[in-house]
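J.: I am attaching a structure below and will ask some questions about it afterwards.
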């Protein structure tokens, strides 16, 4: 059990943007949130088995950095009953894999229906559209704006909160995105407690 009693499921795939994944994961852990990363395989990728147990391969990030996920994404093992938040990072290829996954789409809807926090950043916001979410405030990386602005109340703010849905723009907005998730899960005092030791430059708006 984490020190905060809170937990988050962070999805990852080949092509995930490394900063959006690692900064979010790191920031949540600093708040005492237990984080689990789950690898979403592209449709053509086989599930690999090692020594009789199923283990995910390295996810090759959008900049070529290899990250070893904790587990394969499975609808059985990744449910709203097990986690307080679901995070979908961007990176064009990774976001395409995740937003195009029917089980991921179902999970997004389940988390929100059960009042759990869902975070999407950069191209990860495409999952809001593919999951069939209702029209509401949202943001994303500019490169996918044209896919979203007809379906949502599109904003160019760094972080947009709509109920339990949190969206953000890209690598440069990952810190305020992650700190917003901390505040929603653990409160404003915890957010400030995490932010301080990070030693942002004086005048940083978040």
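J.: Among the numbered criteria (1) modelled with pLDDT of 95 or more; (2) closer than 12 Å to residue 9 by Cβ, which single criterion is violated by residue 102?
T.: (2)
J.: Out of the residues in segment 39-49 that are in a loop (DSSP other than H, G, I, E, B) and surrounded by 15 or more Cβ atoms within 10 Å (Cβ to Cβ), state the one that is modelled with the highest pLDDT. Reasoning before the result, please.
T.: Taking segment 39-49 as the starting set, the residues that turn out to be in a loop (DSSP other than H, G, I, E, B) are 40-48.
If we keep only those that are surrounded by 15 or more Cβ atoms within 10 Å (Cβ to Cβ) too, we end up with 40-42.
Working: 40: 95, 41: 91, 42: 89.
Per the stated criteria, the residue is 40.
J.: For segment 155-191, what are the residues that are touching a residue at least 40 places away in the same chain (Cβ under 8 Å), more than 18 Å from residue 5 (Cα to Cα) and in a helix (DSSP H, G or I)?
T.: Passing the criteria: 171, 173, 174, 175, 177.
J.: Just one of 64, 90, 32 is over 22 Å from residue 101 (Cβ atoms), at pLDDT 95 or above and part of a loop (DSSP other than H, G, I, E, B); which is it?
T.: Of 64, 90, 32, the one residue that is over 22 Å from residue 101 (Cβ atoms), at pLDDT 95 or above and part of a loop (DSSP other than H, G, I, E, B) is 32.
J.: Which condition does residue 118 not pass, out of (1) in a helix (DSSP H, G or I); (2) crowded, with 18+ Cβ neighbours inside 10 Å, if it passes all the others?
T.: Unmet for residue 118, out of (1) in a helix (DSSP H, G or I); (2) crowded, with 18+ Cβ neighbours inside 10 Å: (1).
J.: Return the total of residues in segment 172-206 being surrounded by 12 or more Cβ atoms within 10 Å (Cβ to Cβ) and either touching a strand residue (DSSP E or B) at 6+ places or on another chain (Cβ under 9 Å) or more than 20 Å from residue 21 (Cα to Cα) (or both).
T.: Looking only at that region, the number is 15.
J.: Sticking with this structure for a sec: Within segment 50-61, restricting attention to residues that are part of a loop (DSSP other than H, G, I, E, B) and more than 22 Å from residue 122 (Cα to Cα), which residue is modelled with the highest pLDDT?
T.: This residue is 57.
J.: Kindly list the number of the only condition in (1) in a helix (DSSP H, G or I); (2) at positive phi that fails for residue 128.
T.: Residue 128 satisfies all of (1) in a helix (DSSP H, G or I); (2) at positive phi except (2).
J.: Going residue by residue through segment 5-26, is there one that turns out to be in a loop (DSSP other than H, G, I, E, B), within 18 Å of residue 185 (Cα to Cα) and either at pLDDT below 90 or more than 18 Å from the chain's Cα centre (by Cα) (or both)?
T.: Yes: segment 5-26 contains one or more residues that are in a loop (DSSP other than H, G, I, E, B), within 18 Å of residue 185 (Cα to Cα) and either at pLDDT below 90 or more than 18 Å from the chain's Cα centre (by Cα) (or both).
J.: Given the criterion under 20 Å from residue 8 (Cα atoms) and surrounded by 14 or more Cβ atoms within 10 Å (Cβ to Cβ), identify the matching residue among 130, 36, 139.
T.: Numbers: 130 fails: under 20 Å from residue 8 (Cα atoms); 139 fails: under 20 Å from residue 8 (Cα atoms).
On inspection, the qualifying residue turns out to be 36.
The values are calculated or read from the model by the stated rules, or taken from the named source; none is laboratory data. Not measured: the values here are computed from a predicted model. Neighbour counts run over all protein chains shown; Cβ positions are idealised from the backbone, glycine included.
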